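All remarks here apply to the structure that follows.
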Amino acid sequence: MKSRFILIAAAAVLSAAAFGNAPSFGAAAPQGDPAKGEANFKRVGCYQCHGYQGQGGREGPRIAAPVPLAFPALNAFVRTTSGDMPPFTEKVLSNQELADIYAYLQSIPAPPDHKTIPLLAQ
Amino acid sequence: MARKTGRTGVDRRKFLTGVAATGAATAAAATGAVKTAAAQGAAPAAARPSTAAAQRELATNAVHAPGTTPGTPGSDFMVDVLKSLDIDYVFSNPASSARGIHESIINYGGNKKPEFITCMHEESAVAMTHGYFKVAGKPAAALCHGTVGLQHAAMALYNAWCDRAASIIMVGNRMDAVGRQPGVPTIHAVQDPGLLVRDFTKWDDNPQSLQHFAESMVRAYKVTMTPPYEPVLMTLEEKLQEEAIEELQRGKPLVIPKLNRVSPPAGDPNAVREAAKLLAMADNPVIVADRVGRTPAGVKHLVELAETLNCPVVDNLGRMNMPNQHHLCQVGGAALIAQADVILGLELTDLWGTVNSMDDSVAMETAYRPKAGAKIINISMADVYIRANFQDFMRYQQVDLSIGADAEATLPMLTEYVKQAIPNDRKAMIAERGEKAKKAHAGARERTLQAAAGNAWNATPISAARLSAEIWQHIKNENWALVSRDSSLSNWPHRLWDFREHHQFIGGPGGAGIGYGLPAAVGAAFAHRDNGRRLAINIQNDGDSMYAPGALWTAVHHSIPLLTIMWNNRAYHQEIMHVQRLANWRQRGVENAHIGTTIWDPYVDYAKLAQSMGMTGYGPITDPKDLSAAIKRGIDAVKAGEPVLIDVVTQPR
């Protein structure tokens with residue numbers, strides 16, 4: 001699922017560049033506020049498919065710890081996806097709000113090694 | 001109600017003459033020699049009540065009191081028929097149109113085999129038969145009104161239909177307008193009860209005599225238990241229930257026919273041999289299984305075939321098909337299907353959906369998954385038995401070889417033919433394929449455990465992986481069984497637990513009709529209690545539970561051990577995602593997607609809901625550190641014989 005996500009995102013970036021419809025951001029992610037991002041992550045329903053901590057689930061891939069895409073690719077995907085995930089255009093999710101979400105996802109710490117968790121040390 | 005005037009007694013001579021005419025070789029209730037047709041050879045623990053015994057009683061008390069029923073009620077004979085079929089339970093929300101057989105079950109029949117199980121909704125009653133069947137391997141009966149009750153029951157019937165589950169639905173009805181009261185009894189009467197659900201029942205009948213009832217009920221059992229298993233419906237005419245056998249039969253004998261079992265059809269040997277050749281010569285075969293595990297034998301046969309080919313099995317989890325920790329078992333396998341050169345589908349709900357994908361996007365884009373030249377073999381009863389109207393037969397998919405047969409019955413032949421078809425020069429390659437699968441499985445297990453650690457392990461709300469792991473540590477050394485599906489938990493139980501036995505998993509509702517989960521779990525728990533007091537675990541979707549929470553009361557009332565762990569994500573999340581999707585397509589934002597889709601304001605306190613019905617309830621639990629102690633307490637209580645509910649506030653999936 002993750003590989004499909006990345007492939008679609010990459011395709012979206014290429015497609016946008018080819019048709020002169022480039023994403024709004026350059027290579028670097030704009031400054032984001034993780035706290036606001038967490039609130040936006042819940043408000044616009046990202047958690048429905050990806051879980052409250054971006055851990056992923058049946059409906060959506062893992063998108064945190066680590067974040068699988070650089071910001072430009074994530075931005076392009078979110079704005080232009082035409083698959084199972086609906087597109088979040090700037091009309092419904094501003095650039096700053098998306099940057100905040102990205103900052104939130106980046107702030108989620110890496111999970112522990114499963115061998116350190118007794119229930120999973122099998 | 002039988003209405004008789006001017007009759008002061010019973011024509012015993014005619015009745016007994018009728019009994020004497022019964023053939024000795026048949027199982028006749030009226031002879032008092034009711035045999036258990038469904039399980040012949042098993043001696044009853046005690047003499048069973050019978051219409052003949054009642055008749056003997058009647059013979060010493062020939063003159064009946066005014067206002068009482070003269071003779072032996074027809075519904076007593078109906079109970080004899082149910083006993084002959086070894087029906088253990090009648091799940092029912094009581095109905096006046098079924099009062100005759102209700103009274104006969106609890107008094108004449110001693111309320112044992114069948115036992116009358118009090119349900120709070122007809123949909124729950126039928127769902128209980130559904131869950132019960134998938135564990136017990138034999139049908140239970142549901143009993144309700146032929147109109148209002150059957151309409152309530154209809155969704156559960158559709159689930160059972162889609163899920164290939166045996167169930168006998170009995171509905172009361174009085175057709176004779178002259179003999180029924182005005183008002184509700186007439187509003188609740190119907191010309192053709194079966195019409196309501198005929199599109200999704202395999203067979204129904206409306207018997208017009210007791211002998212007709214006996215023959216049709218035995219046929220109903222035979223039909224529902226012939227693969228593909230499907231529900232059947234029997235109308236119990238009130239007149240037949242309530243009038244005296246003597247009046248109805250007028251000396252004619254009553255005979256309960258012997259039940260004949262139908263052996264399910266195995267595939268045509270020539271076609272199966274062709275399938276075997278394709279599989280034996282394939283470089284990357286894959287098996288996709290949905291409801292192969294019709295019985296425990298299905299699991300055994302599927303493992304044998306997979307190990308013969310060292311071929312991965314994609315388990316769609318319609319039943320317990322394959323031990324999930326087997327190195328050849330995969331849950332989810334689109335990539336395997338894309339890589340395969342031969343794809344074998346076994347009792348698939350949706351063959352088209354297995355080999356194609358379709359986005360839920362504006363474009364609804366589809367893609368055919370298999371690579372060019374890949375061969376598709378399908379073995380299924382779906383090609384043998386199909387109905388119109390409801391679209392559960394799914395989209396048409398062309399294949400290379402279609403074998404209309406029961407997969408479980410066909411697998412031994414297929415495996416044998418595969419063994420014969422594998423040339424010597426391919427045996428090393430197939431063995432190497434197995435070794436690769438074992439290594440890949442070990443790596444996948446490691447990745448699964450790490451994924452669990454990364455699944456919001458310490459988060460509040462509690463994650464699917466954490467809850468699944470916490471439950472597993474407490475049940476892994478027990479005689480356990482999961483009586484719910486686990487798709488809402490992103491299949492974490494199937495990723496972490498070790499399912500080995502057929503009874504440890506029963507699939508889902510089939511028709512995806514919400515409201516199945518809780519009552520089906522209770523029905524399944526009846527069967528687990530009766531089969532070695534297995535520890536039944538129900539991971540229960542909160543939204544589903546609110547359709548008919550009265551199923552909790554049934555579990556308490558009948559002392560059914562069952563641990564229900566509420567997967568309380570406080571919303572219909574699938575529906576939120578749909579509304580979200582539409583709102584984004586239309587660029588209106590998703591801020592309002594919670595309207596109509598969430599279970600907030602107020603939150604439901606499921607522990608208190610359970611407690612209100614006399615069930616032990618814990619929670620709501622929001623901190624994962626509190627899970628272990630609560631689960632242990634719950635299991636201890638369930639092992640002592642009571643149902644328990646633990647409310648756990650969770651992530652969406």
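No lab work stands behind these numbers, since they all come straight from the coordinates. Computed from a predicted structure; not experimentally measured. For neighbour counting, all protein chains shown are included, and Cβ atoms are generated from backbone atoms with ideal geometry for every residue, glycine included.
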Taking a ≥ b ≥ c as the square roots of the Cα gyration tensor eigenvalues, with a/c under 1.5 meaning rounded and otherwise prolate when a/b beats b/c or oblate if not, the stretch B:317-461 comes out oblate
One finds, for B:ARG261 and A:ALA110 with R0 = 41 angstrom and r their Cβ-Cβ distance, a FRET efficiency to the nearest 0.05 of 0.10
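Arrange the following residues from fewest to most other Cβ atoms within 10 Å of their Cβ: B:ARG653, B:ARG198, B:ARG395. Write out the running numbers ahead of the final one.
On the way: B:ARG653 27, B:ARG198 15, B:ARG395 12.
Going from sparsest to densest Cβ surroundings: B:ARG395, B:ARG198, B:ARG653.
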The residues A:LEU120, A:LEU98, sorted from fewest to most surrounding Cβ atoms within 10 Å, come out as A:LEU120, A:LEU98
Rounded to a whole number, the mean other protein chain Cβ count within 10 angstrom for residues of A:56-65 is 5
Surrounding charge for B:PRO412, neighbours by C-beta under 12 angstrom, Lys/Arg +1, Asp/Glu -1, total -2
Output field shielding_mean for B:574-584 (other chain Cβ, 10 Å radius) holds 4
Going residue by residue through the stretch B:196-204, the Karplus relation 6.51 cos²θ - 1.76 cosθ + 1.60 with θ = phi - 60° gives ³J(HN,Hα) values, rounded to whole Hz and with x marking Gly or Pro, of 4, 10, 5, 5, 9, 10, 7, 6, 8
Computed curve, the stretch B:101-218, Cα-only Debye sum without solvent term, log₁₀ I(q)/I(0) at 0.10, 0.16 Å⁻¹, is -0.31, -0.82
Binned at 20 Å from zero, the C-alpha pair distances of the protein assembly as shown give percents of 15, 43, 31, 9, 1, 0
Going fewest to most other Cβ atoms within 10 Å around each Cβ, B:PHE200, B:PHE393, B:PHE213 line up as B:PHE393, B:PHE200, B:PHE213
In the structure shown, of B:LYS113/B:LYS222; B:LYS371/B:LYS419; B:LYS476/B:LYS608; B:LYS113/B:LYS134; B:LYS138/B:LYS632, the pairs separated by more than 23 angstrom at the C-alpha atoms are B:LYS371/B:LYS419; B:LYS476/B:LYS608; B:LYS138/B:LYS632
For B:ALA431, placing the label point 7 angstrom along Cα-to-beta-carbon and taking the stretch B:286-318, residues whose amide nitrogen sits under 16 Å are B:307-311
Among B:LEU278, B:LEU254, A:CYS46, the residue whose Cα sits farthest towards the positive end of the charge dipole of the protein assembly as shown, when +1 is placed on the Cβ of each Lys and Arg and -1 on the Cβ of each Asp and Glu, is B:LEU254
To the nearest 20 debye, the protein assembly as shown has a Cα-centred charge dipole, built from +1 on Lys and Arg Cβ and -1 on Asp and Glu Cβ, of 1020
Taking placed amide H atoms and a strict 5 Å upper bound, the residues 5 or more places from B:GLY619 or on another chain that come that close are B:ASP647
Expressed as a whole-number percentage, the relative contact order of chain B with C-alpha contacts under 8 angstrom and at least six residues apart is 13
Under the 7 Å Cα-to-Cβ spin-label approximation, B:ALA335 and B:LYS439 lie apart by a distance in nanometres of 1.6
Computed over the stretch B:287-431, the relative contact order (Cα-Cα under 8 Å, seq sep at least six) in percent reads 25
To the nearest 20 debye, chain B has a Cα-centred charge dipole, built from +1 on Lys and Arg Cβ and -1 on Asp and Glu Cβ, of 1040
Expressed to one decimal in nm², the mean projection of the alpha carbon convex hull of chain B is 32.2
Taking r as the C-beta separation of A:GLN31 and B:TYR385 and R0 as 56 Å, the FRET efficiency to the nearest 0.05 is 0.35
Full extension between B:ALA629 and B:ARG250 adds, at 0.36 nm per residue less the Cα distance, a length in nm of 129.9 nm
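Would you compute, from DSSP H runs of 4+ residues alone, the mean residue ellipticity of the protein assembly as shown at 222 nm, taking -39500 (n - 2.57) per run and dividing by the full residue count, rounded to the nearest 500?
-12000 deg cm²/dmol
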Taking only C-alpha positions in the stretch B:454-649, Rg and Dmax in angstrom work out to 16.7, 57
